[in-house]
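See below for the structure under consideration.
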Amino acid sequence: MERSRILSQVKRIRLISTELVESMLAGNYRSVFKGPGIEFDEVREYVEGDDARLIDWNVSSRLNDVYTKTFREERELSLFLIVDLSSSLDSGSSRSRRDIQNILVALFTLAAVQNNDRVGATFFTDRIEHWVPPVKGKKHALRLIQDTVSFSPEGSGSDLGPALRAAAEALKRRGIVVVLSDFKTSGYARDLSLLARRQDVIAVRITDPMDTEFPPTGLIPICDPETGKTVLASGASPKFRRQYREFWEAQRRQWQRECLRRRVSTLEISTDEDPAAGLIQFFRRRRAR
């Protein structure tokens, strides 16, 4: 990708995203997440009216009096994005999944900046490609958006597990983790569980109409962009089209079940939809809970 094209694309995404964040998302952003939560402050003497469940019995026994733990609200959120750079996201019937993902990264990133929160990311294929620690500031956020558009990965496959595991180990305080992927990968369930125990995790699945509806064409080759393997598919066969649809619908249901079991919120956005509208509706649903 030429440098001028990259800069043009970054500028376009920034303009679209900034306007949407300022007009529609910013007011909802902080209220829809489970954070900021609370953190330990100090131990002090128990007074009437304190919550007895917070009594620190170890300190009380040592000092021969009743002491209670106090907590304070965390004043900032930390947003961390896990971004899929595998080759399968370069496909799409109207727009590529990559284009949709780039806009979503910008929307989440600028919403965090608007609320003076830290934002970081990791980019992955079949390996961790790039790591951006959570930092405050618009300059940092715009650099992250540019990295999203311009970074050239070494790998082409998809292995989500290591990225989830790295985030779980690196992010010590509770925050928001958004996973942006087509989720055409496997073996990540255990790492998703570990991450979701501490973080408010949102799984954003980027889809395409052809994920479930194969076109009624003749015999055509289908190439897996991650492995390069090609197979012949008969779109003229109703049986094949039905099996194709049933396979991907089963994959979708399995993804939803895995997320539901771990209390991970899910959002699906198709390449033929407006990603900003989908994100706004998601924010509104979460705030209404």
>> Checking Ser193 against (1) over 21 Å from His130 (Cα atoms); (2) buried (at least 19 other Cβ atoms within 10 Å of the Cβ); (3) among the hydroxyl-bearing types (Ser, Thr, Tyr): exactly one of these is not met. Which one?
In response: (2)
> Does Ser8 meet the test of being under 28 Å from His130 (Cα atoms), over 15 Å from the mean Cα position of the chain (by Cα) and modelled with pLDDT of 80 or more?
Replying inline: no
> Which numbered condition trips up Trp248, out of (1) out of contact with any Asp or Glu (no Cβ under 6 Å at 6 or more places or on another chain); (2) within 26 Å of Ser193 (Cα to Cα)?
Replying inline: (1)
> Out of all the residues in the stretch 147-158, which are buried (at least 19 other Cβ atoms within 10 Å of the Cβ) and in a loop (DSSP other than H, G, I, E, B)?
Replying inline: Ser158
>> Just to verify a result, which residue in the stretch 70-89, among those that are surrounded by fewer than 17 Cβ atoms within 10 Å (Cβ to Cβ) and not in a loop (DSSP other than H, G, I, E, B), is modelled with the highest pLDDT?
In response: Thr70
> Under the condition of being of a type in the set (S, T, N, Q) and touching a Phe, Trp or Tyr at 6+ places or on another chain (Cβ under 6 Å), which residue from the stretch 105-130 is farthest from Leu279 (Cα to Cα)?
Replying inline: Thr122
> Name the residues in the stretch 198-231 that are assigned to a loop (DSSP other than H, G, I, E, B), farther than 16 Å from Asp90 by Cβ and touching a residue at least 24 places away in the same chain (Cβ under 8 Å), would you?
Replying inline: Arg198, Gln199, Thr212, Glu213, Phe214, Pro216
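From the list Arg95, Arg62, Arg53, Arg44, which residue is touching a residue at least 60 places away in the same chain (Cβ under 8 Å), surrounded by fewer than 23 Cβ atoms within 10 Å (Cβ to Cβ) and among the basic types (Lys, Arg)? Give the steps one after another, and end with the answer.
Working: Arg62 fails: touching a residue at least 60 places away in the same chain (Cβ under 8 Å); Arg53 fails: touching a residue at least 60 places away in the same chain (Cβ under 8 Å); Arg44 fails: touching a residue at least 60 places away in the same chain (Cβ under 8 Å).
It is Arg95.
Somewhere in the stretch 90-111, is a residue over 30 Å from Gly187 (Cβ atoms) and in a helix (DSSP H, G or I)? Reasoning before the result, please.
Residues of the stretch 90-111 over 30 Å from Gly187 (Cβ atoms): 94, 110-111.
Right, trim to in a helix (DSSP H, G or I) and you get 110-111.
Yes, some residue in the stretch 90-111 is over 30 Å from Gly187 (Cβ atoms) and in a helix (DSSP H, G or I).
The values are calculated or read from the model by the stated rules, or taken from the named source; none is laboratory data. Bear in mind that the values here come from a model prediction, so they are computed numbers and not experimental data. Cβ coordinates were reconstructed from backbone atoms using ideal geometry, including for glycine residues, and neighbour counts include every protein chain displayed.
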